[in-house]
Amino acid sequence: KEVMMSSIAEDAFYVIDKCIDRAKATDHVASTCAVINTVVKKLEDHLAAALNKRVLAIRDDAGSLSAQGQERFDKLRQAAISQAQALSKGKTTQDTGTGEAQAVADVLKQPETTLNTLSQCILNVAKLRVSLEEHAELADDESGRLKLKNSVDGLLETVEVFRRTLGSGLDRLVSQAKPRLRAQMDSTLGAADVSFEVSEQEYAASCGGDADQFIWALLDLCETCIREGSEKLDLDNAGQIGLRVASFVAKGIEHAVVSKRFTQFGALLLDKQLRDVVRFFDGRYGLEARQRFRRLQQIVDLLNLDRVEDVHDVYTDSSSGLAP
C-alpha cells in the first residue's frame, strides 16, 4: 500500500535525538531537564502548530489525494522521485524546474500526507518518552530521578496535542463524504413516503434475496467513501476513517427512524436492516465498530419488545446509552 508522508517527522526527531544524546552525555540532571523541556516546547509550538495549520486547511470541498485519482498521484510521486535523483547528482532545485518542485510541495500539502505525518510524530514522541524514562531510572539519586521524570511527563501532553490534531484532521477528511451519505439516508429511510408500518406479507417480500435495495446502496456508498478517504493513509488512520463513517451512519439511521411509526413487522424489518449494516462494519473493524451502533441497537430492541415490562431486559441505567 502506497503511503505518503512528509520527511518533517524524521528530520525533526533526528535533530531532537542528537540534542538529547548530547544532554545525556553531560550526566547533569539540570542540563538534561532543560533540554527535555525545550524539546517539549518546540514540538508543541512549532512542529505540532505547523501540522495543525495544514489540518485547518482541509475543507469539506477540498479534494483528497485519493479522490484526485491514481493518475494524479503517480505524477506527483514521479516528480518527487525525479527531484531526489537530480539532487543526488548535484543539481539544484532550479535545475530540475519549478514545476517538479511545485508538484512535490503539492504532495506534502495533501490531507493524507499530513495525517500520516502526525501518526509518525505520535510514534516518535512515544518512543522518545520511553527512552528518556529509561535514562531517568539511571540517575544517581531519587531527587534526580524525580526531576527527570517530571520533565519527561511533559511529553504526555505533547502526544495528546498531536493526537487531537490528528483526530481533527480525520474528522475533516470524513466530512467530505458526509453530504453523500446523508443524502442517501435522507432519500430512503428518512423520506416521508418510507413507512415501517408494514404487513407480514410486505416484510416477507423485503426479506427475499436482494429486495432491500436501500441497505445495499448505503453499504456500497459507505465502502466507496471509506476507500476514497483512506486509500493513501496508513493502516491505523484508515481504520479510524472507517469507524468515523460507522458513527455517522449510526446517527443518521437513528435520526431517520425516530419519527417513524412501526408495526411489529416494521420493527423486525428495521432489525434486519441494522444487522446487515452492523455486519458490514463489524467484518472490517470489529468490536469498536459494533459499539458505534449500540444505542441504535437498543432502540430496535425496545421496538421489538412483546411487553412493556420487558423493558428492563434491554434498558438499564448502568449499561444503556439511552436517556431515561
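The values are calculated or read from the model by the stated rules, or taken from the named source; none is laboratory data. Remember, predicted model here, so these are calculated numbers, not experimental data. Glycine gets a Cβ as well: all are built from the backbone with ideal geometry, and neighbour counts include every protein chain shown. Just the protein is used for accessible areas: all its heavy atoms, side chains included, with ligands, DNA and RNA removed. Shrake-Rupley method; radii C 1.70, N 1.55, O 1.52, S 1.80 Å.
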- Message: Residue pairs, Cβ under 7 Å, 6 or more apart or interchain, first in the stretch 222-251 and aromatic (Phe, Trp, Tyr), second open to solvent by 60 Å² or more (accessible area, probe 1.4 Å). List them.
- Response: 248/178
- So which residues in the stretch 272-284 are more than 17 Å from residue 212 (Cα to Cα) and surrounded by fewer than 20 Cβ atoms within 10 Å (Cβ to Cβ)? 282, 283, 284
- Query: Looking at (1) farther than 27 Å from residue 149 by Cα; (2) modelled with pLDDT of 90 or more, which is the one condition that is false for residue 42?
  - Reply: (1)
- Is it the case that the stretch 140-157 has a residue that's in a helix (DSSP H, G or I), within 30 Å of residue 21 (Cα to Cα), open to solvent by less than 40 Å² (accessible area, probe 1.4 Å) and of a type in the set (Val, Ile, Thr)? yes
- Looking only at the stretch 111-165, and only at residues there that are free of Cβ contacts under 8 Å to residues at least 60 places away in the same chain and of a type in the set (Asp, Glu), the one that is nearest to residue 26 (Cα to Cα): 140
